[in-house]
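Data first, discussion second: the structure below is written as C-alpha coordinates.
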Amino acid sequence: MKLDLAFVRAQFPAFTDPSLQGQAFFENAGGSYTCKPVIDRLIRYYHSRKVQPYAPYEASRLAGEEMDEARVRLAAVLGVETDELSFGPSTTQNTYVLAQAFRQWMRPGEAIVVTNQDHEANSGPWRRLAEEGIEIREWQIDPETGHLDPAKLEELLDENVRLVCFPHCSNVVGEINPVVEITAMAHAAGAFVCVDGVSYAPHGLPDVGMIGPDIYLFSAYKTYGPHQGVMVIRRALGEQLPNQGHYFNADCLYKRLTPAGPDHAQVAASAGMVDYIDALAAHHGVTGSAAERGAGVHDLMRAQEVELLQPLLEFFGTKNSVRLLGPSRAEDRAPTVAIELGRNAEAVAAELSTHGIMTGGGDFYAVRALESMGVDPAQGVLRLSFTHYTSKPEIEQLLKGLDAVL
(Lines give C-alpha, C1' and ligand atoms only; values in the text may rest on other atoms or scores of the structure.)
Protein backbone atom coordinates (compact mmCIF):
# COMPACT_ATOMS: atom_id res chain seq x y z
CA MET A 1 0.00 0.00 0.00
CA LYS A 2 1.24 3.46 -0.90
CA LEU A 3 1.19 6.36 1.55
CA ASP A 4 -1.69 8.76 0.92
CA LEU A 5 0.32 11.97 0.83
CA ALA A 6 -2.72 14.25 0.60
CA PHE A 7 -4.06 12.74 3.83
CA VAL A 8 -0.65 13.03 5.49
CA ARG A 9 -0.14 16.68 4.62
CA ALA A 10 -3.65 17.53 5.79
CA GLN A 11 -2.49 16.57 9.30
CA PHE A 12 0.15 19.35 9.33
CA PRO A 13 -1.06 22.97 9.60
CA ALA A 14 2.29 24.22 8.28
CA PHE A 15 1.35 23.15 4.77
CA THR A 16 -1.56 25.58 4.68
CA ASP A 17 0.13 28.45 6.51
CA PRO A 18 0.34 31.45 4.13
CA SER A 19 3.82 32.42 5.29
CA LEU A 20 5.23 29.04 4.23
CA GLN A 21 3.63 28.78 0.80
CA GLY A 22 6.17 28.18 -1.97
CA GLN A 23 8.80 27.14 0.57
CA ALA A 24 10.07 23.55 0.51
CA PHE A 25 11.27 22.40 3.93
CA PHE A 26 14.52 20.41 3.86
CA GLU A 27 15.82 20.86 7.40
CA ASN A 28 13.69 18.22 9.06
CA ALA A 29 16.70 16.63 10.77
CA GLY A 30 16.84 19.78 12.90
CA GLY A 31 13.15 19.55 13.81
CA SER A 32 10.03 18.50 11.95
CA TYR A 33 6.75 20.28 11.42
CA THR A 34 4.26 19.59 14.23
CA CYS A 35 1.16 17.53 13.52
CA LYS A 36 -2.30 18.88 14.32
CA PRO A 37 -3.15 16.35 17.07
CA VAL A 38 -0.12 17.53 19.08
CA ILE A 39 -1.04 21.19 18.57
CA ASP A 40 -4.67 20.50 19.57
CA ARG A 41 -3.62 18.71 22.75
CA LEU A 42 -1.15 21.44 23.66
CA ILE A 43 -3.77 24.16 23.20
CA ARG A 44 -6.32 22.20 25.22
CA TYR A 45 -3.85 21.68 28.04
CA TYR A 46 -2.95 25.37 28.24
CA HIS A 47 -6.61 26.38 27.98
CA SER A 48 -8.15 23.88 30.39
CA ARG A 49 -5.54 21.83 32.26
CA LYS A 50 -2.81 24.30 33.21
CA VAL A 51 -2.88 23.39 36.89
CA GLN A 52 -0.71 21.19 39.07
CA PRO A 53 -1.57 17.64 37.94
CA TYR A 54 -2.61 14.61 40.03
CA ALA A 55 -4.69 16.47 42.63
CA PRO A 56 -8.29 15.30 43.26
CA TYR A 57 -10.09 18.22 41.60
CA GLU A 58 -11.31 17.73 38.04
CA ALA A 59 -8.92 19.91 36.04
CA SER A 60 -5.94 18.46 37.89
CA ARG A 61 -7.17 14.88 37.52
CA LEU A 62 -7.59 15.37 33.77
CA ALA A 63 -4.14 16.98 33.51
CA GLY A 64 -2.52 13.95 35.14
CA GLU A 65 -4.52 11.53 33.02
CA GLU A 66 -3.35 13.21 29.84
CA MET A 67 0.27 13.00 30.94
CA ASP A 68 -0.15 9.34 31.81
CA GLU A 69 -1.88 8.69 28.49
CA ALA A 70 1.17 9.95 26.60
CA ARG A 71 3.48 7.59 28.46
CA VAL A 72 1.17 4.58 28.14
CA ARG A 73 0.52 4.99 24.44
CA LEU A 74 4.07 5.86 23.36
CA ALA A 75 5.47 2.94 25.34
CA ALA A 76 2.99 0.61 23.63
CA VAL A 77 4.04 1.77 20.15
CA LEU A 78 7.70 1.31 21.12
CA GLY A 79 7.01 -2.20 22.44
CA VAL A 80 8.14 -1.57 26.02
CA GLU A 81 6.54 -1.38 29.46
CA THR A 82 4.91 1.92 30.43
CA ASP A 83 7.33 2.72 33.25
CA GLU A 84 10.33 2.02 30.99
CA LEU A 85 9.59 5.26 29.11
CA SER A 86 10.35 8.70 30.52
CA PHE A 87 10.35 12.30 29.33
CA GLY A 88 13.06 14.90 29.86
CA PRO A 89 13.83 18.43 28.67
CA SER A 90 15.85 17.13 25.70
CA THR A 91 17.77 14.09 24.51
CA THR A 92 21.03 15.88 25.29
CA GLN A 93 19.91 16.40 28.88
CA ASN A 94 18.65 12.82 29.19
CA THR A 95 22.01 11.50 28.01
CA TYR A 96 23.88 13.75 30.42
CA VAL A 97 21.85 12.43 33.36
CA LEU A 98 22.41 8.86 32.21
CA ALA A 99 26.15 9.49 32.08
CA GLN A 100 26.10 10.74 35.67
CA ALA A 101 24.37 7.54 36.74
CA PHE A 102 27.00 5.44 34.95
CA ARG A 103 29.72 7.60 36.52
CA GLN A 104 28.55 6.45 39.95
CA TRP A 105 27.86 2.86 38.91
CA MET A 106 31.05 1.95 37.04
CA ARG A 107 34.50 1.30 38.48
CA PRO A 108 37.87 2.60 37.23
CA GLY A 109 39.24 0.28 34.58
CA GLU A 110 35.84 -0.62 33.20
CA ALA A 111 35.11 0.57 29.66
CA ILE A 112 32.53 2.29 27.49
CA VAL A 113 32.55 2.08 23.68
CA VAL A 114 31.55 5.23 21.78
CA THR A 115 31.73 6.09 18.09
CA ASN A 116 32.97 9.06 16.12
CA GLN A 117 29.86 8.83 13.92
CA ASP A 118 27.61 10.33 16.59
CA HIS A 119 26.05 13.69 17.22
CA GLU A 120 28.06 15.03 20.16
CA ALA A 121 25.10 14.53 22.55
CA ASN A 122 25.61 10.74 22.48
CA SER A 123 29.38 10.93 22.60
CA GLY A 124 30.63 13.83 24.72
CA PRO A 125 28.85 12.92 28.01
CA TRP A 126 30.24 9.39 27.88
CA ARG A 127 33.76 10.52 26.95
CA ARG A 128 33.86 12.75 30.03
CA LEU A 129 33.70 9.67 32.23
CA ALA A 130 37.41 9.19 31.44
CA GLU A 131 37.89 11.77 34.23
CA GLU A 132 36.80 9.02 36.66
CA GLY A 133 39.25 6.45 35.31
CA ILE A 134 36.71 4.79 33.03
CA GLU A 135 38.28 3.67 29.78
CA ILE A 136 36.74 5.14 26.63
CA ARG A 137 37.17 3.05 23.50
CA GLU A 138 36.32 4.64 20.16
CA TRP A 139 34.63 2.60 17.47
CA GLN A 140 35.82 4.49 14.41
CA ILE A 141 34.07 5.01 11.09
CA ASP A 142 35.58 4.39 7.69
CA PRO A 143 37.10 7.77 6.75
CA GLU A 144 35.92 7.48 3.14
CA THR A 145 32.36 6.24 3.59
CA GLY A 146 31.47 7.04 7.21
CA HIS A 147 30.43 3.38 7.65
CA LEU A 148 30.51 1.72 11.09
CA ASP A 149 31.80 -1.83 10.60
CA PRO A 150 30.44 -4.27 13.23
CA ALA A 151 33.61 -6.35 12.82
CA LYS A 152 35.60 -3.39 14.18
CA LEU A 153 33.34 -3.31 17.24
CA GLU A 154 34.05 -6.95 17.93
CA GLU A 155 37.74 -6.08 18.29
CA LEU A 156 36.85 -3.60 21.06
CA LEU A 157 34.63 -5.88 23.14
CA ASP A 158 35.85 -7.77 26.18
CA GLU A 159 34.76 -8.45 29.76
CA ASN A 160 35.60 -4.88 30.84
CA VAL A 161 33.09 -3.20 28.50
CA ARG A 162 29.91 -2.25 30.35
CA LEU A 163 28.21 -0.08 27.73
CA VAL A 164 28.22 0.35 23.93
CA CYS A 165 26.84 3.67 22.59
CA PHE A 166 26.07 4.25 18.92
CA PRO A 167 23.48 5.98 16.71
CA HIS A 168 20.64 4.23 14.93
CA CYS A 169 21.76 6.47 12.10
CA SER A 170 24.12 9.43 11.98
CA ASN A 171 22.79 12.94 11.44
CA VAL A 172 25.39 13.53 8.70
CA VAL A 173 26.25 10.06 7.33
CA GLY A 174 22.65 8.89 7.22
CA GLU A 175 23.44 5.16 7.00
CA ILE A 176 21.05 3.00 9.03
CA ASN A 177 23.14 0.94 11.42
CA PRO A 178 22.14 -2.71 12.10
CA VAL A 179 20.87 -2.21 15.65
CA VAL A 180 19.76 -5.82 16.15
CA GLU A 181 23.13 -7.23 15.10
CA ILE A 182 25.17 -4.73 17.10
CA THR A 183 23.02 -5.14 20.19
CA ALA A 184 23.35 -8.93 20.04
CA MET A 185 27.14 -8.62 19.79
CA ALA A 186 27.32 -6.28 22.78
CA HIS A 187 24.97 -8.40 24.89
CA ALA A 188 26.97 -11.53 24.09
CA ALA A 189 30.02 -9.73 25.49
CA GLY A 190 28.12 -8.81 28.67
CA ALA A 191 27.65 -5.11 27.80
CA PHE A 192 24.55 -2.94 27.81
CA VAL A 193 23.58 -0.90 24.74
CA CYS A 194 22.58 2.77 24.35
CA VAL A 195 21.17 3.77 20.96
CA ASP A 196 20.72 7.39 19.90
CA GLY A 197 17.59 7.26 17.76
CA VAL A 198 17.21 11.01 17.25
CA SER A 199 18.03 10.89 13.54
CA TYR A 200 16.11 7.67 12.85
CA ALA A 201 12.84 8.00 14.79
CA PRO A 202 11.38 10.74 12.52
CA HIS A 203 11.29 8.13 9.76
CA GLY A 204 9.16 5.70 11.76
CA LEU A 205 9.21 4.84 15.46
CA PRO A 206 10.98 1.51 16.00
CA ASP A 207 9.77 -1.43 18.07
CA VAL A 208 12.46 -1.02 20.73
CA GLY A 209 11.33 -4.16 22.53
CA MET A 210 11.98 -6.18 19.38
CA ILE A 211 15.30 -4.65 18.28
CA GLY A 212 16.67 -5.03 21.79
CA PRO A 213 18.77 -2.10 23.09
CA ASP A 214 18.75 -1.33 26.81
CA ILE A 215 18.48 2.43 26.22
CA TYR A 216 16.84 4.15 23.26
CA LEU A 217 16.68 7.95 23.01
CA PHE A 218 14.94 10.29 20.61
CA SER A 219 13.49 13.80 20.41
CA ALA A 220 9.76 14.43 20.19
CA TYR A 221 10.26 17.71 18.35
CA LYS A 222 11.80 15.77 15.47
CA THR A 223 8.94 13.27 15.45
CA TYR A 224 6.15 15.82 14.84
CA GLY A 225 5.74 16.60 18.54
CA PRO A 226 6.69 19.09 21.27
CA HIS A 227 10.20 19.88 22.47
CA GLN A 228 10.80 16.92 24.77
CA GLY A 229 13.40 14.19 24.99
CA VAL A 230 11.95 10.67 25.06
CA MET A 231 13.99 7.93 26.73
CA VAL A 232 13.41 4.21 26.97
CA ILE A 233 15.47 2.43 29.61
CA ARG A 234 14.73 -1.24 30.10
CA ARG A 235 14.05 -2.42 33.62
CA ALA A 236 17.04 -4.75 33.93
CA LEU A 237 19.39 -1.79 33.56
CA GLY A 238 17.27 1.04 34.95
CA GLU A 239 16.88 -0.58 38.34
CA GLN A 240 20.64 -1.16 38.65
CA LEU A 241 21.70 2.41 37.96
CA PRO A 242 21.89 4.81 40.92
CA ASN A 243 18.80 6.96 41.37
CA GLN A 244 19.27 10.48 39.96
CA GLY A 245 15.90 11.82 41.08
CA HIS A 246 14.44 12.70 44.47
CA TYR A 247 15.19 9.96 47.00
CA PHE A 248 11.50 9.30 47.59
CA ASN A 249 11.02 8.57 43.86
CA ALA A 250 13.68 5.88 43.77
CA ASP A 251 11.10 3.10 43.41
CA CYS A 252 9.53 4.67 40.29
CA LEU A 253 11.51 3.62 37.23
CA TYR A 254 10.46 6.49 34.98
CA LYS A 255 11.42 9.07 37.63
CA ARG A 256 14.81 7.60 38.58
CA LEU A 257 16.70 9.10 35.65
CA THR A 258 14.76 12.32 35.01
CA PRO A 259 15.52 14.60 37.98
CA ALA A 260 14.03 17.74 36.44
CA GLY A 261 10.31 18.35 36.85
CA PRO A 262 8.50 17.45 33.60
CA ASP A 263 6.93 20.03 31.31
CA HIS A 264 3.37 18.94 32.03
CA ALA A 265 1.79 20.43 28.91
CA GLN A 266 4.41 19.07 26.51
CA VAL A 267 4.32 15.61 28.05
CA ALA A 268 0.54 15.55 27.69
CA ALA A 269 0.74 16.83 24.11
CA SER A 270 3.12 13.98 23.21
CA ALA A 271 0.09 11.66 23.08
CA GLY A 272 -0.75 13.54 19.88
CA MET A 273 2.19 11.82 18.21
CA VAL A 274 0.39 8.52 18.73
CA ASP A 275 -2.91 10.06 17.62
CA TYR A 276 -1.15 10.83 14.35
CA ILE A 277 0.29 7.32 14.00
CA ASP A 278 -3.11 5.82 14.74
CA ALA A 279 -4.79 8.12 12.20
CA LEU A 280 -2.34 7.01 9.51
CA ALA A 281 -2.84 3.36 10.46
CA ALA A 282 -6.63 3.62 10.34
CA HIS A 283 -6.62 5.51 7.03
CA HIS A 284 -4.35 2.93 5.40
CA GLY A 285 -6.03 -0.14 6.91
CA VAL A 286 -3.16 -1.04 9.24
CA THR A 287 -4.46 -3.01 12.22
CA GLY A 288 -3.17 -4.96 15.22
CA SER A 289 -1.52 -3.98 18.48
CA ALA A 290 -0.07 -0.52 19.04
CA ALA A 291 3.40 -1.83 18.16
CA GLU A 292 2.06 -3.55 15.03
CA ARG A 293 0.26 -0.40 13.91
CA GLY A 294 3.43 1.56 14.55
CA ALA A 295 5.43 -0.93 12.49
CA GLY A 296 2.97 -0.69 9.62
CA VAL A 297 3.10 3.11 9.63
CA HIS A 298 6.90 2.94 9.85
CA ASP A 299 6.98 0.86 6.66
CA LEU A 300 4.64 3.25 4.84
CA MET A 301 6.83 6.19 5.81
CA ARG A 302 10.04 4.47 4.76
CA ALA A 303 8.68 3.41 1.38
CA GLN A 304 7.65 6.99 0.61
CA GLU A 305 11.03 8.34 1.69
CA VAL A 306 13.05 5.79 -0.28
CA GLU A 307 11.11 6.56 -3.46
CA LEU A 308 11.82 10.29 -3.17
CA LEU A 309 15.38 9.94 -1.91
CA GLN A 310 16.90 7.90 -4.75
CA PRO A 311 16.62 10.65 -7.42
CA LEU A 312 18.36 13.08 -5.06
CA LEU A 313 21.23 10.64 -4.46
CA GLU A 314 21.53 10.00 -8.20
CA PHE A 315 21.64 13.75 -8.84
CA PHE A 316 24.66 14.11 -6.58
CA GLY A 317 26.27 11.12 -8.31
CA THR A 318 26.45 13.27 -11.46
CA LYS A 319 28.22 16.16 -9.72
CA ASN A 320 32.00 15.78 -9.52
CA SER A 321 32.24 19.05 -7.60
CA VAL A 322 30.52 17.70 -4.49
CA ARG A 323 30.99 14.76 -2.16
CA LEU A 324 28.04 12.79 -0.85
CA LEU A 325 28.58 11.51 2.69
CA GLY A 326 27.24 8.03 3.34
CA PRO A 327 25.53 5.46 1.09
CA SER A 328 24.32 6.24 -2.41
CA ARG A 329 21.48 3.68 -2.19
CA ALA A 330 18.26 5.02 -0.65
CA GLU A 331 17.34 1.73 1.03
CA ASP A 332 20.50 1.90 3.14
CA ARG A 333 19.98 5.30 4.67
CA ALA A 334 17.61 7.85 6.14
CA PRO A 335 16.71 10.85 3.95
CA THR A 336 19.29 13.00 5.69
CA VAL A 337 21.81 13.90 3.01
CA ALA A 338 25.02 15.77 3.82
CA ILE A 339 27.17 17.16 1.01
CA GLU A 340 30.74 18.45 1.17
CA LEU A 341 31.01 21.37 -1.26
CA GLY A 342 34.58 22.61 -0.88
CA ARG A 343 33.21 25.98 0.18
CA ASN A 344 31.16 27.42 3.01
CA ALA A 345 27.99 25.35 3.23
CA GLU A 346 25.98 27.93 5.15
CA ALA A 347 26.47 30.42 2.33
CA VAL A 348 25.16 27.87 -0.15
CA ALA A 349 22.13 27.26 2.07
CA ALA A 350 21.50 31.00 1.98
CA GLU A 351 21.61 30.88 -1.84
CA LEU A 352 19.13 28.02 -1.85
CA SER A 353 16.73 30.05 0.27
CA THR A 354 16.30 32.42 -2.67
CA HIS A 355 14.91 29.41 -4.56
CA GLY A 356 12.40 28.62 -1.82
CA ILE A 357 14.51 25.87 -0.23
CA MET A 358 14.65 25.88 3.56
CA THR A 359 17.81 24.11 4.67
CA GLY A 360 21.06 24.73 6.53
CA GLY A 361 24.79 24.32 6.48
CA GLY A 362 27.31 23.70 9.25
CA ASP A 363 28.76 20.92 11.38
CA PHE A 364 25.43 19.91 12.98
CA TYR A 365 27.22 18.90 16.20
CA ALA A 366 28.87 16.02 14.34
CA VAL A 367 32.35 17.54 14.41
CA ARG A 368 34.13 14.25 15.15
CA ALA A 369 32.47 12.52 12.20
CA LEU A 370 33.26 15.34 9.79
CA GLU A 371 36.87 15.61 10.90
CA SER A 372 37.31 11.84 10.59
CA MET A 373 36.06 12.02 6.99
CA GLY A 374 38.37 14.91 6.16
CA VAL A 375 35.67 17.59 6.12
CA ASP A 376 36.60 20.99 7.53
CA PRO A 377 33.94 21.71 10.19
CA ALA A 378 34.44 25.43 9.65
CA GLN A 379 33.24 24.99 6.05
CA GLY A 380 30.68 22.40 7.13
CA VAL A 381 28.32 20.42 4.97
CA LEU A 382 25.09 21.28 3.24
CA ARG A 383 22.44 19.07 4.86
CA LEU A 384 19.20 18.29 3.04
CA SER A 385 16.77 16.33 5.17
CA PHE A 386 13.16 15.38 4.66
CA THR A 387 10.50 13.00 5.96
CA HIS A 388 7.51 11.08 4.67
CA TYR A 389 5.39 14.25 4.31
CA THR A 390 7.71 15.67 1.65
CA SER A 391 6.22 15.68 -1.85
CA LYS A 392 7.64 14.90 -5.29
CA PRO A 393 7.14 18.53 -6.45
CA GLU A 394 9.22 19.66 -3.45
CA ILE A 395 12.01 17.27 -4.47
CA GLU A 396 11.83 18.69 -8.00
CA GLN A 397 12.00 22.22 -6.57
CA LEU A 398 15.07 21.19 -4.58
CA LEU A 399 16.81 19.67 -7.61
CA LYS A 400 16.13 22.78 -9.65
CA GLY A 401 17.52 24.98 -6.88
CA LEU A 402 20.60 22.79 -6.48
CA ASP A 403 21.26 22.92 -10.21
CA ALA A 404 21.23 26.70 -10.02
CA VAL A 405 23.56 27.10 -7.04
CA LEU A 406 25.98 24.26 -7.79
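The values are calculated or read from the model by the stated rules, or taken from the named source; none is laboratory data. Since the structure is predicted, the reported quantities are computational estimates derived from the model, not experimental observations. Because the Cβ atoms are built from the backbone with ideal geometry, glycine has one as well, and the counts that use them run over all protein chains shown. Surface accessibility is based on the protein's heavy atoms, side chains included, excluding ligands, DNA and RNA. Shrake-Rupley method; radii C 1.70, N 1.55, O 1.52, S 1.80 Å.
Could you point to the label whose value was computed as Rg and Dmax of the Cα atoms in Å for the structure here, given [x] 20.4, 62; [y] 25.3, 85; [z] 21.1, 66? The calculated read-out lines up with [z].
Taking 0.36 nm per residue of sequence separation and removing the Cα-Cα distance, the ALA260/ALA282 pair yields an extension gain of 4.3 nm. Going down the table (LYS36/LYS319; LYS2/LYS152; LYS2/LYS36; LYS36/LYS392; LYS152/LYS255; LYS222/LYS392), which pairs top 29 Å between alpha carbons? Result: LYS36/LYS319; LYS2/LYS152; LYS152/LYS255 exceed 29 Å. Ligands, DNA and RNA left out, the 1.4 Å accessible surface of the chain is 51% carbon and sulfur atoms.
Name the chymotrypsin sites (Phe, Trp or Tyr not before Pro) in the range 1-69 that are in a loop by DSSP and that have at most 10 other C-beta atoms within 10 Å, would you?
TYR57
Given R₀ = 60 Å, what would the calculated FRET efficiency be for LEU5 paired with ALA250, taking r from the Cβ atoms and rounding to 0.05? That pair, LEU5 with ALA250, gives E of 0.80. Once you reduce the range 130-204 and the range 272-340 to the center of their Cα atoms, the two points are 22 Å from each other. What you get for the chain, charging only the Cβ of Lys and Arg (+1) and of Asp and Glu (-1), is a dipole of about 900 debye around the Cα centre.
Computed over protein heavy atoms with a 1.4 Å probe, the accessible surface of the range 42-274 works out to 37 Å² per residue.
A full extension of the chain between GLU65 and GLU159 corresponds to an added length of 29.4 nm, given 0.36 nm per residue minus the alpha carbon distance.
Computed over the chain with a Gaussian network model linking Cα atoms closer than 10 Å, the most mobile of TRP105, TRP126, TRP139 is TRP105. The stretch between SER353 and ASP376 holds 6.0 nm of extra length on full extension. This uses 0.36 nm per residue minus the Cα-Cα distance.
For GluC sites (Glu not before Pro), the sites in the range 111-213 that DSSP calls loop and that have at most 11 other Cβ atoms within 10 Å are GLU144, GLU155, GLU159.
Given R₀ = 22 Å, FRET efficiency for ALA55-HIS227 by Cβ-Cβ distance, to 0.05? Step by step, r from the Cβ atoms, then E = 0.30. Can you find, among GLN21, TYR389, ASN344, the residue sitting farthest towards the positive end of the charge dipole of the chain, where Lys and Arg contribute +1 and Asp and Glu -1 at Cβ? Farthest along the dipole direction, towards plus: GLN21. Quickly work out the ALA184-to-THR82 label distance, labels modelled 7 Å from Cα along the C-beta direction, and quote it in nm with one decimal. The answer from the label model is 3.3 nm.
Can you give me the relative contact order of the chain as a percent, contacts being Cα pairs under 8 Å and 6 or more apart?
On the way: 826 pairs, mean separation 94.8, N = 406.
The value is 23 percent.
Helices in the chain, meaning DSSP H runs of at least 4 residues, each add -39500 (n - 2.57). Divided by all residues, the mean residue ellipticity at 222 nm is -11500 deg cm²/dmol.
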